[in-house]
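Structure, as C-alpha coordinates:
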Amino acid sequence: MGFRHNNVLHDNHFRKDWQSRVRTWFDQPGRKLRRRNARKEKAAKLGVRPLTLLRPAVRAQTVRYNRKIREGRGFTLAELKEAGIGKKEARGIGIVVDHRRRNLSEEGKALNVERLKAYKARLIVFPRNAKKPKKGDSTGEELSAPTTRAPLPLPSSFVREEPRKITEEEREFKAYRTLRDQRAIQRNEGARKVREAKKAEEEANKKK
(Lines give C-alpha, C1' and ligand atoms only; values in the text may rest on other atoms or scores of the structure.)
Protein backbone atom coordinates (compact mmCIF):
# COMPACT_ATOMS: atom_id res chain seq x y z
CA MET A 1 0.00 0.00 0.00
CA GLY A 2 1.58 3.27 -1.04
CA PHE A 3 1.31 6.72 0.53
CA ARG A 4 0.65 9.90 -1.33
CA HIS A 5 1.24 13.51 -0.45
CA ASN A 6 2.63 14.86 2.85
CA ASN A 7 0.52 12.74 5.23
CA VAL A 8 1.57 11.25 8.58
CA LEU A 9 2.85 7.65 8.38
CA HIS A 10 0.83 5.11 10.33
CA ASP A 11 2.60 4.12 13.53
CA ASN A 12 0.18 1.82 15.33
CA HIS A 13 1.43 -0.04 18.41
CA PHE A 14 -0.60 -3.15 18.99
CA ARG A 15 1.87 -5.26 20.99
CA LYS A 16 2.29 -3.40 24.28
CA ASP A 17 1.63 -6.42 26.56
CA TRP A 18 -0.80 -4.34 28.66
CA GLN A 19 -1.89 -7.30 30.81
CA SER A 20 1.41 -7.23 32.72
CA ARG A 21 1.06 -3.49 33.46
CA VAL A 22 -2.45 -3.50 34.98
CA ARG A 23 -2.59 -2.07 38.52
CA THR A 24 -4.86 -3.96 40.89
CA TRP A 25 -6.37 -2.77 44.17
CA PHE A 26 -7.15 -6.04 45.89
CA ASP A 27 -5.52 -4.79 49.11
CA GLN A 28 -8.20 -2.16 49.80
CA PRO A 29 -10.05 -4.09 52.56
CA GLY A 30 -6.74 -4.85 54.28
CA ARG A 31 -5.62 -1.21 54.10
CA LYS A 32 -8.97 -0.10 55.51
CA LEU A 33 -8.53 -2.41 58.50
CA ARG A 34 -4.93 -1.28 59.09
CA ARG A 35 -5.94 2.38 59.02
CA ARG A 36 -8.78 1.74 61.44
CA ASN A 37 -6.48 -0.11 63.87
CA ALA A 38 -3.88 2.68 63.57
CA ARG A 39 -6.53 5.26 64.49
CA LYS A 40 -7.55 3.22 67.53
CA GLU A 41 -3.93 2.90 68.67
CA LYS A 42 -3.34 6.62 68.22
CA ALA A 43 -6.52 7.47 70.18
CA ALA A 44 -5.44 5.14 73.01
CA LYS A 45 -1.99 6.79 73.17
CA LEU A 46 -3.55 10.26 73.39
CA GLY A 47 -5.35 9.28 76.61
CA VAL A 48 -8.04 11.84 77.46
CA ARG A 49 -6.75 14.45 75.02
CA PRO A 50 -9.13 15.62 72.26
CA LEU A 51 -8.82 13.63 69.05
CA THR A 52 -8.45 16.82 66.95
CA LEU A 53 -6.95 20.26 67.52
CA LEU A 54 -9.20 23.30 67.90
CA ARG A 55 -9.48 25.40 64.75
CA PRO A 56 -11.40 28.64 64.08
CA ALA A 57 -14.77 28.94 62.35
CA VAL A 58 -14.31 30.81 59.06
CA ARG A 59 -16.46 31.62 56.05
CA ALA A 60 -15.71 29.74 52.84
CA GLN A 61 -14.25 31.78 49.98
CA THR A 62 -16.09 33.55 47.14
CA VAL A 63 -19.66 34.86 47.00
CA ARG A 64 -20.92 31.44 45.97
CA TYR A 65 -19.78 29.63 49.13
CA ASN A 66 -19.37 32.32 51.80
CA ARG A 67 -22.70 31.43 53.39
CA LYS A 68 -21.04 28.23 54.65
CA ILE A 69 -18.89 28.01 57.78
CA ARG A 70 -15.91 25.65 57.85
CA GLU A 71 -12.82 25.11 59.99
CA GLY A 72 -9.93 27.47 59.23
CA ARG A 73 -6.17 26.93 59.50
CA GLY A 74 -5.62 28.63 62.84
CA PHE A 75 -6.71 31.40 65.23
CA THR A 76 -5.36 34.93 64.76
CA LEU A 77 -3.18 36.61 67.37
CA ALA A 78 -5.92 39.22 67.93
CA GLU A 79 -8.50 36.51 68.72
CA LEU A 80 -6.14 34.82 71.18
CA LYS A 81 -5.35 38.15 72.86
CA GLU A 82 -9.04 38.99 73.32
CA ALA A 83 -9.73 35.53 74.73
CA GLY A 84 -6.81 35.91 77.19
CA ILE A 85 -4.65 33.08 75.79
CA GLY A 86 -0.96 33.42 74.91
CA LYS A 87 0.25 32.11 71.56
CA LYS A 88 2.76 29.74 73.20
CA GLU A 89 0.18 28.57 75.73
CA ALA A 90 -2.33 27.96 72.90
CA ARG A 91 -0.05 25.44 71.17
CA GLY A 92 0.33 23.54 74.42
CA ILE A 93 -3.41 23.13 75.00
CA GLY A 94 -4.42 22.00 71.52
CA ILE A 95 -5.25 25.33 69.83
CA VAL A 96 -3.85 25.98 66.35
CA VAL A 97 -2.37 29.45 65.75
CA ASP A 98 -2.01 31.13 62.34
CA HIS A 99 -0.02 34.36 62.59
CA ARG A 100 -0.70 35.23 58.92
CA ARG A 101 -4.50 35.29 59.14
CA ARG A 102 -6.24 38.66 59.65
CA ASN A 103 -9.71 39.45 60.97
CA LEU A 104 -11.76 41.23 58.31
CA SER A 105 -14.97 41.58 60.35
CA GLU A 106 -15.89 42.16 63.98
CA GLU A 107 -18.59 39.47 63.78
CA GLY A 108 -16.10 36.79 62.66
CA LYS A 109 -13.65 37.83 65.36
CA ALA A 110 -16.32 37.74 68.11
CA LEU A 111 -17.45 34.30 66.92
CA ASN A 112 -13.96 32.85 67.30
CA VAL A 113 -13.34 34.58 70.63
CA GLU A 114 -16.51 32.91 71.96
CA ARG A 115 -15.27 29.61 70.51
CA LEU A 116 -11.98 29.97 72.38
CA LYS A 117 -13.71 30.88 75.64
CA ALA A 118 -16.08 27.91 75.37
CA TYR A 119 -13.12 25.59 74.73
CA LYS A 120 -11.19 27.02 77.67
CA ALA A 121 -14.21 26.60 79.97
CA ARG A 122 -14.42 22.89 79.04
CA LEU A 123 -10.65 22.34 79.17
CA ILE A 124 -9.06 20.23 81.92
CA VAL A 125 -5.26 20.48 82.09
CA PHE A 126 -3.85 17.57 84.10
CA PRO A 127 -0.64 18.52 85.96
CA ARG A 128 2.53 16.50 85.28
CA ASN A 129 3.13 16.30 89.01
CA ALA A 130 -0.09 16.19 91.05
CA LYS A 131 1.76 17.40 94.17
CA LYS A 132 3.25 20.43 92.40
CA PRO A 133 0.70 21.85 89.93
CA LYS A 134 1.95 24.66 87.72
CA LYS A 135 0.18 27.86 86.72
CA GLY A 136 -2.73 27.06 84.40
CA ASP A 137 -3.12 23.44 85.57
CA SER A 138 -6.51 22.22 86.76
CA THR A 139 -6.91 21.40 90.46
CA GLY A 140 -9.46 19.97 92.88
CA GLU A 141 -12.85 18.91 91.55
CA GLU A 142 -11.94 19.82 87.97
CA LEU A 143 -9.62 16.80 87.76
CA SER A 144 -12.44 14.40 88.65
CA ALA A 145 -15.00 16.00 86.30
CA PRO A 146 -16.28 13.85 83.39
CA THR A 147 -14.24 14.26 80.21
CA THR A 148 -15.24 14.14 76.56
CA ARG A 149 -13.05 13.85 73.49
CA ALA A 150 -15.65 15.14 71.07
CA PRO A 151 -14.56 18.28 69.16
CA LEU A 152 -16.25 21.63 69.72
CA PRO A 153 -19.00 21.82 67.05
CA LEU A 154 -19.01 24.61 64.48
CA PRO A 155 -21.69 27.27 64.97
CA SER A 156 -24.66 27.52 62.65
CA SER A 157 -23.94 29.49 59.48
CA PHE A 158 -27.02 31.68 59.91
CA VAL A 159 -29.61 32.45 62.60
CA ARG A 160 -33.16 31.57 61.64
CA GLU A 161 -35.70 34.34 62.20
CA GLU A 162 -39.29 33.89 63.24
CA PRO A 163 -41.79 34.64 60.47
CA ARG A 164 -43.20 38.16 60.64
CA LYS A 165 -45.09 40.69 58.52
CA ILE A 166 -43.14 42.90 56.12
CA THR A 167 -43.25 46.55 57.21
CA GLU A 168 -44.20 49.35 54.85
CA GLU A 169 -40.69 50.77 55.06
CA GLU A 170 -39.19 47.43 53.98
CA ARG A 171 -41.71 47.16 51.15
CA GLU A 172 -40.71 50.56 49.75
CA PHE A 173 -36.96 49.97 50.17
CA LYS A 174 -35.16 49.44 46.83
CA ALA A 175 -32.12 47.27 47.58
CA TYR A 176 -30.74 47.15 44.02
CA ARG A 177 -30.99 50.95 43.55
CA THR A 178 -29.35 51.54 46.96
CA LEU A 179 -26.42 49.24 46.12
CA ARG A 180 -25.90 50.93 42.73
CA ASP A 181 -25.94 54.39 44.35
CA GLN A 182 -23.46 53.40 47.07
CA ARG A 183 -21.10 51.85 44.51
CA ALA A 184 -21.31 54.98 42.37
CA ILE A 185 -20.58 57.20 45.39
CA GLN A 186 -17.54 55.07 46.30
CA ARG A 187 -16.29 54.98 42.70
CA ASN A 188 -16.56 58.75 42.21
CA GLU A 189 -15.26 59.73 45.67
CA GLY A 190 -11.77 60.64 44.42
CA ALA A 191 -12.98 62.76 41.50
CA ARG A 192 -15.49 64.54 43.78
CA LYS A 193 -12.75 65.47 46.26
CA VAL A 194 -10.57 66.82 43.42
CA ARG A 195 -13.48 68.97 42.15
CA GLU A 196 -14.21 70.31 45.65
CA ALA A 197 -10.54 71.15 46.22
CA LYS A 198 -10.34 72.93 42.84
CA LYS A 199 -13.53 74.89 43.57
CA ALA A 200 -12.25 75.92 47.00
CA GLU A 201 -8.97 77.06 45.44
CA GLU A 202 -10.78 79.15 42.78
CA GLU A 203 -12.94 80.84 45.46
CA ALA A 204 -9.83 81.58 47.52
CA ASN A 205 -8.17 83.19 44.47
CA LYS A 206 -11.30 85.31 43.77
CA LYS A 207 -11.25 86.71 47.31
CA LYS A 208 -7.67 87.86 46.83
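The values are calculated or read from the model by the stated rules, or taken from the named source; none is laboratory data. Not measured: the values here are computed from a predicted model. Here the Cβ is made from the backbone with ideal geometry for all residues, glycine too, and neighbour counts use every protein chain on show. The area values use the complete protein model at the heavy-atom level, side chains included, leaving out ligands, DNA and RNA. Shrake-Rupley method; radii C 1.70, N 1.55, O 1.52, S 1.80 Å.
Quick look at the values:
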{"quantity": "When each of LYS88/LYS109; LYS68/LYS165; LYS68/LYS88; LYS32/LYS88; LYS87/LYS109; LYS42/LYS135 is checked by Cα-Cα distance, pairs over 25 Å", "calculated": "LYS68/LYS165; LYS68/LYS88; LYS32/LYS88; LYS42/LYS135"}
{"quantity": "Projected label distance in nm at TYR176 and ASP27, using a 7 Å step from Cα toward the beta-carbon", "calculated": "6.0 nm"}
{"quantity": "Mean Cα-pair separation over length for the chain, i.e. relative contact order, pairs under 8 Å, 6 or more apart, %", "calculated": "17 percent"}
{"quantity": "Probe 1.4 Å, accessible area per residue of the chain, Å²", "calculated": "93 Å²"}
{"quantity": "J(HN,Hα) series, segment 116-121, from Karplus relation 6.51 cos²θ - 1.76 cosθ + 1.60, nearest Hz, glycine and proline x", "calculated": "5, 5, 5, 5, 5, 5"}
{"quantity": "Under 30 Å from LYS199, Cα to Cα: lysines that are on another chain or at least 8 residues apart", "calculated": "LYS207, LYS208"}
{"quantity": "Cα-based radius of gyration of the chain once divided by 2.2 N^0.38 Å, which approximates compact folds", "calculated": "1.89"}
{"quantity": "The chain: most fluctuating residue of ARG164, ARG102, ARG34 per GNM, C-alpha cutoff 10 Å", "calculated": "ARG164"}
{"quantity": "For the chain, built as a Gaussian network whose Cα springs stay under 10 Å, the top-fluctuating residue of PHE126, PHE173, PHE158", "calculated": "PHE173"}
{"quantity": "Gain in span if fully extended, ALA204 to ASP17, counting 0.36 nm per residue against the direct Cα distance", "calculated": "58.2 nm"}
{"quantity": "Computed FRET value (nearest 0.05) for GLU41 with ALA150, which takes r as the C-beta separation and R₀ as 30 Å", "calculated": "0.95"}
{"quantity": "Charged-residue dipole, Cβ positions (Lys, Arg, Asp, Glu), the chain about Cα centre, Debye nearest 20", "calculated": "960 debye"}
{"quantity": "Rg to Rh, two decimals, where segment 105-179 supplies the alpha carbon set and Rh follows Kirkwood", "calculated": "1.30"}
{"quantity": "Net length gained if the chain between ALA191 and ASN7 were fully extended (0.36 nm per residue, minus Cα distance)", "calculated": "59.9 nm"}
{"quantity": "Calculated over segment 24-128: convex hull of Cα atoms, volume per residue (Å³)", "calculated": "165 Å³"}
{"quantity": "Virtual spin-label span in nm between ASP98 and GLU161, 7 Å along Cα→Cβ", "calculated": "3.0 nm"}
